[in-house]
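Enquirer: Input: one structure, supplied below.
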Amino acid sequence: GHSHHMGMNMDMSGGNNSTMPPHHHPTTSSDHSHDHMMMMPMTFYFGFKNVELLFSGLVINTAGEMAGAFVAVFLLAMFYEGLKIAREGLLRKSQVSIRYNSMPVPGPNGTILMETHKTVGQQMLSFPHLLQTVLHIIQVVISYFLMLIFMTYNGYLCIAVAAGAGTGYFLFSWKKAVVVDITEHCH
């Protein structure tokens with residue numbers, strides 16, 4: 001009995017046992033699509049068949065759909081860069097408007113003096129701060145969407161993310177440099 005047991009083990013490790021079922025072989029097409037949903041590629045690849053984009057209903061199957069997805073992802077990445085820079089500009093503008101508040105104060109002999117209060121930052125329950133908060137939420141969601149798109153490992157979509165971010169930075173950041181220079185000369 002003991003020798004038979006050892007022979008069985010050797011047979012299995014050798015892979016010569018014909019009665020063992022194959023490791024994995026999908027039989028029906030529904031089985032196969034279910035497998036695809038469970039498996040995520042862990043290496044970069046270039047393809048446009050069965051590429052899921054963020055949502056289960058959004059599946060790319062043709063070159064045209066991939067081209068459309070490329071443009072959409074490219075624009076999303078560009079918008080993300082623009083949003084980041086726009087938020088910085090808005091913050092700077094709202095801080096500048098709050099920084100110097102001049103208010104008339106009654107002076108001696110019925111004259112009116114202008115008193116300037118210097119305040120830095122924003123008030124918590126102000127429209128600029130609430131707007132910044134909403135824009136921040138949008139920015140965070142878009143950044144995670146872009147990360148998840150990159151994590152599909154699809155080469156086309158990864159290039160779209162990178163190219164969109166680069167183009168967005170190129171188009172929107174040159175204004176940022178000019179604005180920074182102007183504010184630096186003010187102080």
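Values quoted throughout were computed directly from the atomic coordinates according to the rules given, and no laboratory measurement underlies them. Note that this is a predicted model, so its numbers are computed, not measured. Here Cβ is always computed from backbone atoms with ideal geometry, including for glycine, and neighbour counts include all displayed protein chains.
Enquirer: Please work out how much length the chain gains when fully extended from Ala163 to Ile138, using 0.36 nm per residue of separation minus the C-alpha to C-alpha distance, in nm with one decimal.
Expert: Contour length minus Cα-Cα distance gives 6.9 nm.
Enquirer: Quick check: residue separation of Phe55 and Met147 times 0.36 nm, minus the Cα distance between them. What number comes out in nm?
Expert: On the way: separation 92, 0.36 × 92 = 33.12 nm, distance 1.40 nm.
Gain on extension, Phe55 to Met147, equals 31.7 nm.
Enquirer: Also, quick follow-up: Estimate the FRET efficiency between Phe170 and Ala67 by the formula 1/(1 + (r/R0)^6), using the beta-carbon distance for r and 22 Å for R0, to the nearest 0.05.
Expert: Numbers: r = 22 Å, r/R0 = 1.01.
About 0.50, to the nearest 0.05.
Enquirer: To the nearest 0.05, what FRET efficiency results for Glu88 and Tyr45 with a Förster distance of 41 Å applied to their C-beta separation? Intermediate values should be presented prior to the final figure.
Expert: Numbers: r = 36 Å, r/R0 = 0.89.
Between Glu88 and Tyr45 the formula returns 0.65.
Enquirer: Shifting gears a bit: Mind ordering 40-51, 59-70 by average Cβ neighbours within 10 Å, highest first? Each step should come with its number before you reach the end.
Expert: Working: 40-51: 11.7, 59-70: 15.1.
Packing proxy ranking, top to bottom: 59-70, 40-51.
Enquirer: Still on this structure: Between Leu131 and Asn109, what length in nm is gained on full extension when 0.36 nm per residue of separation is reduced by their alpha carbon distance? If you can, show how the numbers build up before the last one.
Expert: Values: separation 22, 0.36 × 22 = 7.92 nm, distance 4.40 nm.
Extending this stretch completely gives an extra 3.5 nm.
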